[in-house]
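These notes concern the structure reproduced below.
The values are calculated or read from the model by the stated rules, or taken from the named source; none is laboratory data. All values derive from a computational prediction rather than experimental measurement. Note that each Cβ is placed from the backbone with ideal geometry, even for glycine, and that neighbours are counted across all protein chains shown. Just the protein is used for accessible areas: all its heavy atoms, side chains included, with ligands, DNA and RNA removed. Shrake-Rupley method; radii C 1.70, N 1.55, O 1.52, S 1.80 Å.
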Amino acid sequence: MAAKINSAYPSVDDLRTKAKKRIPKFAFEYLDGGCNEDVSISRNTSDIRKVQLQPRYLRNYGTSSTQTKVLGMEFDAPFGIAPVGLQGLMWPNSPEILAKAAYAHNIPFILSTVTTMSIERASEITEGKAWFQLYNPVEDALRDDIIKRAEAAQCPVLVLLCDVPTFGYRPRDIRNGLALPPKMSLTNILQILGKPTWAMNTLKYGQPTFETLKPYTPEGLNLKQLGQFMDKTFSGRLNEEKIKPIRDKWKGKLVLKGVASEQDTQDAIRMGFDGIILSNHGGRQLDAAESTIHSLHDIAPKYGDQIEIMMDSGMRSGPDIARTMASGAKFTFMGRSFMYGVGALGNAGGDHTITMLKTQFKQVMDQLCCERVEDLPQHIIKKQ
Ligand SMILES: Cc1cc2nc3c(=O)[nH]c(=O)nc-3n(C[C@H](O)[C@H](O)[C@H](O)COP(=O)(O)O)c2cc1C
């Protein structure tokens, strides 16, 4: 796909600024915030940016390629779109926009259990390439049915989430009345009226709902009842007993998302996961969390040959992706950056953000004189 970047928005920061102007405050703050005092969200990015890379200008250098292999699949870049819940609330139709762009660029799109597009629609858009993130249901029958649907939709990868044993404490969402269950106050309605493009698109695409969960959700629930239903239906607490039947049933690749310790990495290897995503949920759950790049520096050298180690949380640019790949990740994911892109540019936002990040990442590889993504670790400066 030809590179076509909207020159008014050459960075994620530019997209964020524009998105903030177009999304109602309660929805933007849900997307943008971390938790508690926002320590973890800023530490993620600042620690990634401590990583320094060394170029090799005098080596015999051809051209660099951003092609990357992970879990036996080949992608056009070493980054994908992380699962984000409630996407349609932040920008109407945003999961469709992002899934289409990911498919066109041959990068992975992970669909959240609690977003506003169904597994079946994600599969249709991506011709069976979308990955699916599973919140573990309390009932075995519900779990088995969702897994069956993901299998029927030909999802190549099931991503089991382990880092939400409880909801994060997010002061903005509490103030805005968006902490689950979400509620529509007069203030929120006034905020909507101030964002006409968002409001018109919401009218066009309809009130966002949890599409994948529709068959299991009793009809006619108000938002509060829906929140209670979700609480009852899913349990974020995982252990070996709950994971074993999932591993036994799922024939595709199985990935554990939210790993933040060596012990959980060892358990994931023992329980037969194909990969892990080191992640602290973008700093939205535990404000005292270790930055993910810090975890990666410890975990990748010890376990990188036993399990595929991927990472998310904190990347906002091509250099950030390069720093993370150089630190030993096999692949990276980003959540907010793509949502800022769609919030800023609507239908063009997915394509723009992917193209921009790819252009930035390729520039770093060319500058380092690094031909292959897997050679990036050779460029890391260790004395930091
Ligand atoms: C608004 C929002 C909603 C999210 N919802 C989910 C979700 O439903 N499931 C999930 O596995 N992760 C969810 N995440 C976490 C992301 O998958 C990812 O770990 C995180 O966004 C990465 O950090 P970054 O935003 O700094 O790139 C969410 C993140 C955000 C910002």
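Each of ARG172, ARG43, ARG49, ARG270 has its accessible area taken with a 1.4 Å probe; listed largest first, they run ARG270, ARG49, ARG43, ARG172. Accessible surface of ASP248, taken over heavy atoms with a 1.4 Å probe and every protein chain present, rounds to 80 Å².
Each stretch of four or more DSSP H residues adds -39500 (n - 2.57); spread over every residue of the chain, this sum gives -13000 deg cm²/dmol at 222 nm.
With the full set of protein chains in place, find how many percent of the accessible area of the chain is carbon and sulfur; take the probe as 1.4 Å. Before the final figure, lay out the partial values.
Values: 8870 of 16870 Å².
With neighbouring chains kept in place, the figure for the chain is 53 percent.
Counting only heavy atoms of the protein chains, get the accessible area per residue of the chain (1.4 Å probe) and round it to a whole Å² value.
Numbers: 16870 Å² over 384 residues.
Per residue, the chain has an accessible area of 44 Å².
Annotation: peptides 340-353, 10-23, ranked by per-residue average of other Cβ atoms within 10 Å with the highest first, follow the order 340-353, 10-23. Using a probe of 1.4 Å on the protein chains alone, the accessible area found for ASP305 is around 130 Å².
Can you tell me how the range 73-232 classifies by the Cα gyration tensor, rounded, prolate or oblate, using a/c under 1.5 as the rounded cut? Here the range 73-232 falls in the oblate category.
Summing Cβ point charges (Lys, Arg +1; Asp, Glu -1) relative to the Cα centre of the chain gives a dipole of roughly 940 debye.
The listed residues THR332, THR209, once ranked by accessible area (1.4 Å probe) with the largest placed first, stand as THR209, THR332. Given the options THR359, VAL373, ALA300, identify the residue whose Cα lies farthest towards the positive end of the charge dipole of the range 271-384 (+1 on Cβ of Lys, Arg; -1 on Cβ of Asp, Glu). Farthest along the dipole direction, towards plus: THR359. Spacing of the modelled spin labels on LYS100 and ASP144, each 7 Å from Cα toward Cβ, amounts to 3.8 nm.
Taking each of LYS214/LYS358; LYS18/LYS362; LYS21/LYS69 in turn, the alpha-carbon distance tops 29 angstrom for LYS214/LYS358; LYS21/LYS69. When only the Cβ of Lys, Arg, Asp and Glu is charged (+1, +1, -1, -1), the dipole of the range 277-329 relative to its Cα centre reaches about 120 debye. Decide, for the range 1-69, between rounded, prolate and oblate: order the square roots of the alpha carbon gyration tensor eigenvalues as a ≥ b ≥ c, take rounded if a/c falls under 1.5, and otherwise choose prolate if a/b is larger than b/c, else oblate. Oblate shape, in that a/c is at least 1.5 and b/c is the bigger or equal ratio. Computing FRET efficiency as 1/(1 + (r/R0)^6) for ILE5 and TYR57, where r is the C-beta to C-beta distance and R0 is 22 Å, gives about 0.25.
Ranking SER42, SER185, SER7, SER94 from most to least accessible surface, computed with a 1.4 Å probe over the protein chains only, gives SER7, SER42, SER185, SER94.
Please sort through the DSSP H helices of the chain and keep those with an alpha-carbon extent of at least 24 Å along the long axis and a Kyte-Doolittle average not below -1.0.
Numbers: long enough: 349-368 (29 Å, -0.42).
Span-like helices, by this rule, are 349-368.
When the Cα positions of ILE48, PRO78, ILE119 are compared along the charge dipole of the range 48-138, ILE48 comes out farthest toward the positive end, with charges on each C-beta of Lys, Arg, Asp and Glu. FRET efficiency for the ALA199 to GLU219 pair, using the beta carbon distance and R₀ = 35 Å, is estimated at 0.85.
Take the Cα of SER46, step 7 Å toward its Cβ, do the same at GLU240, and the gap between the two points is 4.0 nm. What nm value, rounded to one decimal, do you get for the distance between LYS251 and TYR169 when each label is placed 7 Å out toward the C-beta? With each label point 7 Å from Cα toward Cβ, the separation is 4.7 nm.
With a ≥ b ≥ c the root eigenvalues of the C-alpha gyration tensor of the range 219-322, is it rounded (a/c under 1.5), prolate (a/b larger than b/c) or oblate?
On the way: a/c = 2.23, a/b = 1.34, b/c = 1.67.
It is oblate, given that a/c is not under 1.5 and a/b is not larger than b/c.
Full extension of the chain between GLU262 and GLN207 yields a length gain of 15.6 nm, computed as 0.36 nm times the residue separation minus the alpha carbon distance.
Roughly how many debye, to the nearest 20, is the charge dipole of the range 222-305 about its Cα centre, given +1 on each Lys and Arg Cβ, -1 on each Asp and Glu Cβ, and no other charges? The partial results should precede the final answer.
Working: 13 positive and 12 negative charges, 111 e Å.
Around 540 debye, computed over the range 222-305.
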